[in-house]
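The next block holds one structure in the form of structure tokens; read it before the comments.
Values in this text are rule-based calculations from the coordinates and carry no lab data. Everything quoted here is computed from the prediction, not taken from an experiment. Cβ sites come from the backbone with ideal geometry, for glycine too, and all protein chains shown count toward neighbours.
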Amino acid sequence: MNKKIIIGIILFLIIFVGGFFVYAQFYYHAEKTATDYLNGTEEVNVTKVSNGLFLDGSGNNTTIIFYPGAKVEYTSYLPLFMDLASEGIDCYLVEMPFNLAFFAVNSADDIIKNSSYEHYFMAGHSLGGAMASSYVNKTTNNITGLIYLSSHSPDEIHVPVLSIRGTNDGVINLTSYNQAKSLMKNNFTEIIINGGNHAQFGYYGNQSGDGQANITPESQQNQSAEAILKFIDYYT
């Protein structure tokens, strides 16, 4: 190979890798409202595990494995999932490399291998939801259902699906979202939160391109938790 071509390839790789690491340094950090839960509560123990956090409540039959949104610190979602854990649904919040779920789509494998729940639900926000879909499609593990927060699948899904989004979400592509509904080949439940936006499923501040919410994060998350609990109760 020509020496100039080799040098050009090396320079391109250096620039690409360097640019990616710069890009990865800028992400949405968890706010104090979320990180205040890192030590758990009287009802829920929070434990650091190899690939994230384990929220251990009173239940031992059902768990949610959650993949966070792109470039969002995974601890941002603690308040919502602490609410679920306090109602008997244990939860795993997965920490993704570079805060990007497509680098660790199979993270759920280790969790399922090292636990013994009767029911496993996959869940994800935005990009995390798409990657949770990808996992559901290719795993041989038995997944009871899939939960989307402002997300959708690029492929057919053959387990029950709960989809939650806000009316003021400025990030989700509604055309793609609506087209993806036809890919849901099992029971599909859609919850649209009036006044909710893309970012308020977690506590990480305003997200670029998002709409302005007309409700509080607490209201959006409370409505989400209620819908998730009903969905899980129905399928378990």
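Applying the Karplus relation 6.51 cos²θ - 1.76 cosθ + 1.60 with θ = phi - 60° to segment 147-164 yields 3J(HN,Hα) values of 10, 9, 10, 6, 8, 6, 9, x, 9, 4, 10, 10, 10, x, 10, 10, 10, 10 Hz, where x marks Gly and Pro.
Dipole magnitude for segment 104-207: about 100 debye, using +1 per Lys or Arg Cβ and -1 per Asp or Glu Cβ, origin at the Cα centre.
Any of Lys138/Lys185; Lys138/Lys181; Lys71/Lys230; Lys48/Lys230 with alpha carbons more than 21 Å apart? Name them for me. List each step's numbers first, then the result.
Numbers: Lys138/Lys185 16 Å; Lys138/Lys181 19 Å; Lys71/Lys230 29 Å; Lys48/Lys230 28 Å.
Distance filter (> 21 Å) returns Lys71/Lys230; Lys48/Lys230.
Output the antiparallel fraction of DSSP beta bridges having both residues in segment 49-178, as a percent to the nearest 5. Don't skip to the end; give the middle numbers.
Numbers: 5 of 24 bridges.
In segment 49-178, approximately 20 percent of DSSP beta bridges are antiparallel ones.
Phi-derived couplings, Karplus 6.51 cos²θ - 1.76 cosθ + 1.60 at θ = phi - 60°, listed residue by residue for segment 198-212: 7, 7, 7, 6, x, 10, 9, x, 6, 9, 4, x, 7, x, 7 Hz, with x used for Gly and Pro. The per residue volume of the convex hull around the alpha-carbon atoms of segment 119-236 is 93 Å³.
With viscosity 1.002 mPa s and temperature 20 °C, the Kirkwood radius over alpha carbon pairs of segment 30-235 converts through Stokes-Einstein to a diffusion coefficient of 129 µm²/s.
How tilted is helix 127-138 with respect to the longest principal axis of the chain? Cα atoms for both, answer in degrees (0 to 90, nearest 10). The answer is roughly 80 degrees.
The loop-placed GluC sites (Glu not before Pro) in segment 83-185, going by DSSP, that have at most 13 neighbouring Cβ atoms within 10 Å of their Cβ come out as Glu118, Glu156. Taken about its Cα centre, segment 26-123 carries a charge dipole of roughly 360 debye when the Cβ of each Lys and Arg holds +1 and the Cβ of each Asp and Glu holds -1. For segment 116-139, backbone nitrogen atoms closer than 17 Å to the point 7 Å from Asn45 Cα along Cα-to-C-beta are found at 116-117. Summarising the amide proton neighbourhood of Val171: residues at separation of 5 or more, or on other chains, whose placed amide H is nearer than 5 Å comprise His198, Gly211. Comparing Ala34, Ala130, Ala85 in a Gaussian network model of the chain (Cα springs below 10 Å), the most mobile by mean-square fluctuation is Ala34. In segment 30-235, taking the dipole from charged Cβ atoms about the Cα centre, the farthest positive-side position among Leu146, Leu162, Tyr135 is held by Tyr135.
Among beta bridges from DSSP that stay inside the chain, the antiparallel ones total about 25%.
The HN-Hα couplings worked out from phi for segment 227-232 by the Karplus form 6.51 cos²θ - 1.76 cosθ + 1.60 (θ = phi - 60°) are 5, 5, 4, 5, 4, 5 Hz, whole numbers, x standing for Gly and Pro.
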